[in-house]
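**Student:** First the structure, then my questions, so here it is.
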Amino acid sequence: MLDTTRTTGDLQALDGAHHVHSFTDPALITGGKTRVVVRGEGCQIWDSDGRRFLDGMAGLWCVNIGYGRQELVDAAARQMTELPFYSNHFQSTTPAMTELAHKLSQLTPDGLDHFLFTSSGSEANDTIVRMVRYFWKLQGKDTKRTFISRTMAYHGSTLAAVSLCGMPHMHAMDGGTLPGFAHIQHPHWYMFGGELTKEEFGLQAAQALERKILELGPENVAAFIGEPVQGAGGVIDPPSTYWPEIQRICRKYDVLLIADEVICGFGRTGEWFGAQTYGVTPDLMTLAKGLSSGYLPIAAVAMNKRVFETIGAGGLLAHGYTYSGHPVACAVALANIDIIEREGLVDRVRNDIGPYLHQALAQFEQHPVVGEVRGIGTLAALQLVKGKDTREIFTVEDGAGVFCREASYNQGLIVRAVGQSIVLSPSLVITHAEIDEIIVKLKRALDETARHFGL
């Protein structure tokens, strides 16, 4: 039972003694440095000392409908009362599993009508690796096993998902990637575009995929996977020419196209899914985070008819998880989707709050420490630079991103530092007044950062 009498110091001491944190240097947990979050409402959270923060990250890109939605609590309680658990193994289902699969078939891009549930985006991407390789094996194309991803891509932290990632610090932890994974450069115009227009650069960046396919041999390449907007890589929103060219190349060489919608899905880009924003139709999609707004762990792999019918004709599908399609998580996901639809949150991101956020952030293009403001919908990033004219980005050793993140935290604003960028992904329900608050607090943090680095 949760002991509600413990003080912040008590919790910090216990945490340091027993809790291993994700994506955290364990040395930082000692000495009472853990932030103990105890409550959330709307776009606000409170720590154990009663201090309020505006959560500019919606948790981990996921609390799309905001904190404290009683409808999701009620949906979970009803399902737990009726049936707290049953698996989908051995020809079994529950109404919640079936209804959620049906609902997703109505929301996802045309043709993506089949869904395999998991508990996280990492599990879903791990599943995709197995499904895609199985798909090609059943067609007698056993050599089509290699996945192409991008530098600065994030696709999860299971063993296969880490190999899909394009993040050196993750690869270094266990000595590199598994065999059968390759990467091309991510499409960051500000960093790599030089004198090219964004549209010219988008085509050039996409054509790196064709060169890599030819280098590896089309007969060896199974799929290309990418986030419509690279989230954890720094909110890299590609030029409009990029994704259509990626799709053309995949179709030309019969390489499956996978859209990792873990961050972009469920309204963040102003459409239900980022693939719709960028005008592409993937063969498979990864869904998570916004599927339940983070209220319970649930994710899914969406696949089209071609993929499903091939693996469906292969006999026993020897894959799955104990909690695949957990009925309580599915019930919460259905309630979450109902709120997004009922409150018109996708249209709100596209027509109201997304444009308002980016118009407000545009003022920072003139700030001495900001080189680029980028993003779409409720995804945004500020590129921190020490040379605006030369596009000279701070180094890891400079640590400008972490400095600015902590300065924002001290103002009562939660943002994230990715490399030397400050990124934002507030809930879809954020108000104009709360965006104005973000701007005020972020400006103070940027000003402090500029003073610290003598800019």
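**Student:** If the Cβ limit is 6 Å and pairs must be 6+ apart or interchain, which residue in the stretch 195-217 that is assigned by TED's automatic domain parsing to the domain that holds T143 and over 20 Å from S240 (Cα atoms) pairs with which residue that is among the hydroxyl-bearing types (S, T, Y) and surrounded by 18 or more Cβ atoms within 10 Å (Cβ to Cβ)?
**Tutor:** Within 6 Å, the pairs are L216/T146.
**Student:** What number goes with the only condition from (1) over 30 Å from G233 (Cα atoms); (2) of a type outside the set (D, E, K, R); (3) part of a loop (DSSP other than H, G, I, E, B) that H21 does not pass?
**Tutor:** (1)
**Student:** Tell me yes or no: at least one residue of the stretch 55-78 is of a type in the set (K, R) and more than 27 Å from V328 (Cβ to Cβ).
**Tutor:** We begin by selecting, within the stretch 55-78, every residue of a type in the set (K, R); these are 69, 78.
Filter once more, keeping what is more than 27 Å from V328 (Cβ to Cβ): none.
Scanning the stretch 55-78 turns up no residue that is of a type in the set (K, R) and more than 27 Å from V328 (Cβ to Cβ).
**Student:** Please verify whether the stretch 33-41 includes one or more residues that are more than 29 Å from G320 (Cβ to Cβ), in contact with a Lys or Arg (Cβ under 6 Å, 6 or more places away or on another chain) and assigned by TED's automatic domain parsing to the domain that holds I414.
**Tutor:** Checked against the condition, which is being more than 29 Å from G320 (Cβ to Cβ), in contact with a Lys or Arg (Cβ under 6 Å, 6 or more places away or on another chain) and assigned by TED's automatic domain parsing to the domain that holds I414, the stretch 33-41 yields no hits at all.
**Student:** Name, by its number, the condition in (1) surrounded by 15 or more Cβ atoms within 10 Å (Cβ to Cβ); (2) more than 23 Å from L317 (Cα to Cα); (3) more than 24 Å from the chain's Cα centre (by Cα) that does not hold for H171.
**Tutor:** Unmet for H171, out of (1) surrounded by 15 or more Cβ atoms within 10 Å (Cβ to Cβ); (2) more than 23 Å from L317 (Cα to Cα); (3) more than 24 Å from the chain's Cα centre (by Cα): (3).
**Student:** Between a residue in the stretch 37-54 that is under 12 Å from R69 (Cα atoms) and any residue that is of a type in the set (K, R), which pairs come within a Cβ distance under 6 Å, given they are 6 or more apart or on different chains?
**Tutor:** Matching pairs, first to second residue: none at all.
**Student:** Would you confirm, using the coordinates I've provided, whether A302 is surrounded by 21 or more Cβ atoms within 10 Å (Cβ to Cβ) and under 26 Å from T81 (Cα atoms)? Reasoning before the result, please.
**Tutor:** Details: surrounded by 21 or more Cβ atoms within 10 Å (Cβ to Cβ): yes; under 26 Å from T81 (Cα atoms): no.
The answer is no for A302.
For (1) within 19 Å of Y154 (Cβ to Cβ); (2) hydrophobic (A, V, I, L, M, F, W, C), each residue gets a yes or a no:
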| residue | (1), (2) |
| --- | --- |
| M167 | yes, yes |
| D174 | yes, no |
| H183 | yes, no |
| H186 | yes, no |
| W189 | no, yes |
| T197 | no, no |
| Q204 | no, no |
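**Student:** Listed residues G233, G194, G267; which is within 19 Å of the chain's Cα centre (by Cα) and either closer than 26 Å to Q420 by Cα or at pLDDT below 95 (or both)?
**Tutor:** Working: G194 fails: within 19 Å of the chain's Cα centre (by Cα); G267 fails: either closer than 26 Å to Q420 by Cα or at pLDDT below 95 (or both).
Being within 19 Å of the chain's Cα centre (by Cα) and either closer than 26 Å to Q420 by Cα or at pLDDT below 95 (or both) holds for just one of G233, G194, G267, which is G233.
**Student:** How do the pairs read when you match residues in the stretch 231-256 that are closer than 17 Å to L382 by Cα with residues anywhere that are in a loop (DSSP other than H, G, I, E, B) and modelled with pLDDT under 95, using Cβ under 7 Å and keeping only pairs 6 or more apart or on different chains?
**Tutor:** The qualifying pairs are G234/G419.
**Student:** Output the residues belonging to the stretch 369-398 that are crowded, with 21+ Cβ neighbours inside 10 Å, over 19 Å from R451 (Cα atoms) and of a type in the set (A, V, I, L, M).
**Tutor:** If the condition is that a residue be crowded, with 21+ Cβ neighbours inside 10 Å, over 19 Å from R451 (Cα atoms) and of a type in the set (A, V, I, L, M), then I376, L379, A380, A381 are the ones that fit.
**Student:** Out of the stretch 103-152, which residues are among the hydrophobic types (A, V, I, L, M, F, W, C) and under 30 Å from I339 (Cα atoms)? Steps first, please.
**Tutor:** Looking only at the stretch 103-152, we keep the residues that are among the hydrophobic types (A, V, I, L, M, F, W, C), and these are 104, 107, 112, 115-117, 124, 128-129, 131-132, 135-136, 138, 147-148, 152.
Within the stretch 103-152, L104, L107, L112, F115, L116, F117, A124, I128 meet the criteria.
The values are calculated or read from the model by the stated rules, or taken from the named source; none is laboratory data. For clarity, every value in this text was computed on a predicted model and none was experimentally measured. Heads up, the Cβs are rebuilt from the backbone with ideal geometry, glycines too, and the neighbour counts pull from every protein chain shown.
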